[in-house]
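Scroll down for the structure; my scribbles are underneath it.
No lab work stands behind these numbers, since they all come straight from the coordinates. Small disclaimer: the values here were computed from a predicted structure and weren't measured. Glycine also receives a Cβ, built like all others from the backbone with ideal geometry; neighbour counts cover every protein chain displayed.
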């Protein structure tokens, strides 16, 4: 999922702030012990997410798709004092690992883990989200968006990951054989045409669609 030539990618990471020791440890353990470790946001994308969070200074962050908790820890760096980050994942097997790293974070008291289906949990969380990160099952991206958009305050930011799907979004021949890809193509087109938001697609790793609600 790296689109830059390796020397350029290495140079980019070398000239970006390093990940913390806690994040580096989580990065290593994910690659050593967890299936599909490339799902991890990783160093460069993690620093991008942390920087965006620090610029926004969100009071309330919603993350859909926890995995091993790397991106949540990055977003937590920008939380406003007394702010909260709520992260949802259907995979309860990873919860002990996530909880172990969350407890080591200086923001541990602000982090909340929810296990279950996001479409069922989101309506129970009545908070004015300033920042939403969508990085879960691709076929539900549009459903998550529709569930949230009307309830977000003006100025709220949505970030959706993997929207380039390893570059396959530009090859229509792949659409019918890959339901996740088809769902992402439809999501990208839908949000780009939505007059309620302004958007920019960043070609960082596997693609970050960043939306701001008017």
Completion exercise
Highest mean packing first, using Cβ neighbours within 10 angstrom, the peptides 157-168, 183-194 sort as 157-168, 183-194
Handout entry: Order by protection proxy (mean Cβ within 10 Å, highest first), peptides 35-47, 15-27
Key = 35-47, 15-27
Exercise for the section: Would you mind getting me the FRET efficiency between residue 120 and residue 154? Use the beta-carbon distance for r and R0 = 22 Å, nearest 0.05. Expected result: 0.25
Practice task
Working from the alpha-carbon coordinates of the range 60-159, get Rg over Rh, Rh being the Kirkwood radius.
Solution key: 0.93
Practice task
Compute the Rg/Rh shape ratio of the range 107-180: radius of gyration over Kirkwood radius, all on alpha-carbon atoms.
Solution key: 1.03
Exercise for the section: Take every DSSP beta bridge with both residues inside the chain and express the antiparallel ones as a percent of the total, to the nearest 5. Expected result: 40
Handout entry: Length released on extending from residue 195 to residue 146, taking residue separation times 0.36 nm less the Cα-Cα span
Key = 16.3 nm
Practice task
Would you please report the Å³ per residue occupied by the convex hull of the alpha carbon atoms in the chain?
Solution key: 124
Handout entry: Among 89, 130, 180, residue whose mean-square fluctuation peaks in a GNM of the chain (springs only between Cα atoms under 10 Å)
Key = 180
Exercise for the section: Would you work out if the range 62-103 is rounded, prolate or oblate? Take a ≥ b ≥ c from the square roots of the eigenvalues of the alpha-carbon gyration tensor; rounded if a/c is under 1.5, else prolate when a/b is larger than b/c, oblate otherwise. Expected result: prolate
